[in-house]
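Taking it in order: structure first as C-alpha cells, then the write-up.
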Amino acid sequence: MKIIDGKLVAQEIRAEIAKEVAVMIDNDIKAPHLVAILVGDDGASHTYVENKRKACESVGMTSSVYKFSENVSEKELLDTIDFLNNDNDVDGFIVQEPLPKHISSEKVLEKIDYRKDVDGFHPINVGKMMLGIDTFLPATPFGIVKLLERYKIETEGKNCVIIGRSHIVGSPLSMLLSRNTNPGNCTVTICHSKTKNLAEITSKADILIAALGKPQFVTADMVKEGATVIDVGTTRLPSTETKSGFKLFGDVKFDEVSKKCSYITPVPGGVGPMTIVGLLLNTLKAAKNRK
Ligand code: NAP
C-alpha cells in the first residue's frame, strides 16, 4: 500500500505556481490578485479564508479579504460583487460559504462575473466543465484529479465509485473522471443517501472516492483488494489525543482499509492541501486570462 501524500504534491505544485508568479513579476506583470468575501463570525470560515490568504502570499500572489458583519444586506453584498467584477486590479474572487439565511447564495453566485469565478461554481463554468471546455474547475475535484495525475494512477477503463453527489465535490468529480481525458475515461457510479446495497457497489470499485462527511464510514469490507481510495471527508470531532481537544476524521477507516488497498489518501494531509492548490491554479489562470 502506498500513501498518496497530498501535502507533498501540494508543496510541489505551489513551488511551480510560485515560479510562474515570479516570472510575471520579473516581466512587470502584476501578480495575480485573489479577493475573499467573508460574512459573519463563523470560526471555520475565518480559518478557511485565512489559510487561502496565507497560501496566496506563499506563492507571491496578492490577496485581500472583504469582511462583512452577519447582518450585511443582500444588496450591499451584491453591490460589492459588482464592484469586484469591474475592478481591473482583481483577477478572481470567492464568496466564503455559508452565508446568512437572509442572503440568497444563488443570487450571489449568479452575480459573480464567471471570468473571475475562481471557485468554479458559476453556472457558466459548471456548463463549460460539463462540455469539456477549458475553464475554472471546482477546487476539491481539481485537486483530486491532480493527485491521480501526479501519482500516475491509471484511470482509463476503471470502475470509479463516488460516495456523495454534492455540487462542490461528488457531482463535478463524476464529470471530470468520466470525460475523455487523462485522468478520466473511468466508468463512474455516483452514490448518495438513497443508494441501495452501497457496500456491494463500492466493493467493485477500482477507484473509491468517499465524500459524504460521515467519519470512518468506509470499512474494509466495502473495499476491493488493491483499490485506490480517496478520502475527501473532514469531520472535526472532540478528542483527548490532541492539544487542541479536536481531531480531524476522514470518511474512511484508515487503519483497516489501508491494509487492503493499493493507494490511499490520509486525513489530514491528503485531499485537503490539494483543495487550496486548486484555488491557486484557478487564480493564476484568471490572471493569465487578463485582457
Ligand atoms: P454534503 O454537501 O453534505 O454532501 C454529502 C453527500 O453524501 C450527499 O450527496 C449525501 O447524499 C451523501 N451521503 C450522506 N450520507 C450518506 C450515506 N450514508 N450513504 C451514501 N451517501 C451519503 O457534503 P460535501 O460538501 O460534499 O462534503 C463531503 C465531505 O467532504 C465533508 O466531510 C466535507 O467536510 C469534506 N470536504 C473536504 C474538502 C477538503 O478540502 N478536504 C473539501 C470539500 C468537502 P444526499 O445527496 O442523498 O443527501
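Numbers at a glance
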| quantity | calculated |
| --- | --- |
| Filter result for LYS224 (surrounded by fewer than 16 Cβ atoms within 10 Å (Cβ to Cβ) and away from the ligand (no atom under 14 Å from the Cβ)) | no |
| Count of residues meeting criterion [in contact with a Leu (Cβ under 8 Å, 6 or more places away or on another chain) and either away from the ligand (no atom under 16 Å from the Cβ) or under 10 Å from CYS160 (Cα atoms) (or both)] in the stretch 186-206 | 3 |
| Positions within the stretch 224-262 being more than 24 Å from LYS54 (Cα to Cα), hydroxyl-bearing (Ser, Thr, Tyr) and under 20 Å from the mean Cα position of the chain (by Cα), in sequence order | THR228 |
| Single unsatisfied condition, ILE276 versus (1) more than 10 Å from the ligand (Cβ to nearest atom); (2) under 20 Å from THR47 (Cβ atoms) | (1) |
| Selection from the stretch 2-45 of residues that are assigned to a loop (DSSP other than H, G, I, E, B) and either open to solvent by less than 10 Å² (accessible area, probe 1.4 Å) or touching a Ser or Thr at 6+ places or on another chain (Cβ under 6 Å) (or both) | ILE4, ALA31, PRO32, GLY40 |
| Selection count where residues are open to solvent by 60 Å² or more (accessible area, probe 1.4 Å), within 16 Å of the ligand (Cβ to nearest atom) and touching a strand residue (DSSP E or B) at 6+ places or on another chain (Cβ under 8 Å), scope the stretch 116-167 | 1 |
| Test: residue in the stretch 168-187 that is basic (Lys, Arg) and open to solvent by 70 Å² or more (accessible area, probe 1.4 Å) | no |
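The values are calculated or read from the model by the stated rules, or taken from the named source; none is laboratory data. What you see is a predicted model, and the numbers here were worked out from it, not measured in a lab. Cβ atoms come from the backbone with ideal geometry, glycine included; neighbour counts cover every protein chain shown. These accessible areas exclude ligands, DNA and RNA; they are computed on the full protein's heavy atoms, side chains included. Shrake-Rupley method; radii C 1.70, N 1.55, O 1.52, S 1.80 Å.
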